[in-house]
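What follows is one structure encoded as structure tokens, with my remarks underneath.
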Amino acid sequence: MSEPTETSRLRAGLVAALEEATTLLRAYGVEGWAAWLEDDRRRIAEGDHDGLDHLLSAFGGMGSLNDVELHWWRDDPSDGDLDDDAHDNRLNELRTRIYTDAVALRSLIGGPGAAQ
């Protein structure tokens, strides 16, 4: 049985956003969060719904993914290859998309955290 279209679309969009966020975080050496998102990306892509719950636990509270600002992670501020403002803005966009898509997907498939 194939996955419903909306579920497939959300899962694919979420996986793509997680891949991009992981790449961006690694460019700044934010390895802990990059590894977290990469693991959740893999789990979600494989249909492991617990990966959604783990991913959503990254948001909110002190020290959460919401608190990451890439410009703080720069070892060498004179490195002209990284555009801190543009990358911080993109990370903010990706965080919003990741959270929104994860909540919507969790709601569609049911389980913990799903809208009742």
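Solvent-accessible surface (1.4 Å probe) assigned to residue 73 amounts to roughly 110 Å². On full extension, the segment bounded by residue 15 and residue 86 gains 23.4 nm, given 0.36 nm per residue less the C-alpha separation. Protein heavy-atom surface of region 18-60, 1.4 angstrom probe: 50% of the accessible area is carbon and sulfur, with nucleic acids and ligands not counted.
Tally Lys and Arg at +1 and Asp and Glu at -1 over the other residues with C-beta under 13 Å from the C-beta of residue 42: what net charge comes out? Taking every Cβ under 13 Å from that of residue 42, the sum is -4. Taking region 16-48 and a reference point 7 angstrom along Cα→Cβ of residue 62, the backbone N atoms nearer than 20 Å belong to 33.
The values are calculated or read from the model by the stated rules, or taken from the named source; none is laboratory data. Quick caveat: nothing in here was measured; it's all calculated off a predicted structure. Note: ideal-geometry Cβ built from the backbone for every residue, glycine included; neighbour counts use all protein chains shown. We work out accessible area using only protein heavy atoms, side chains counted, and drop any ligands, DNA or RNA first. Shrake-Rupley method; radii C 1.70, N 1.55, O 1.52, S 1.80 Å.
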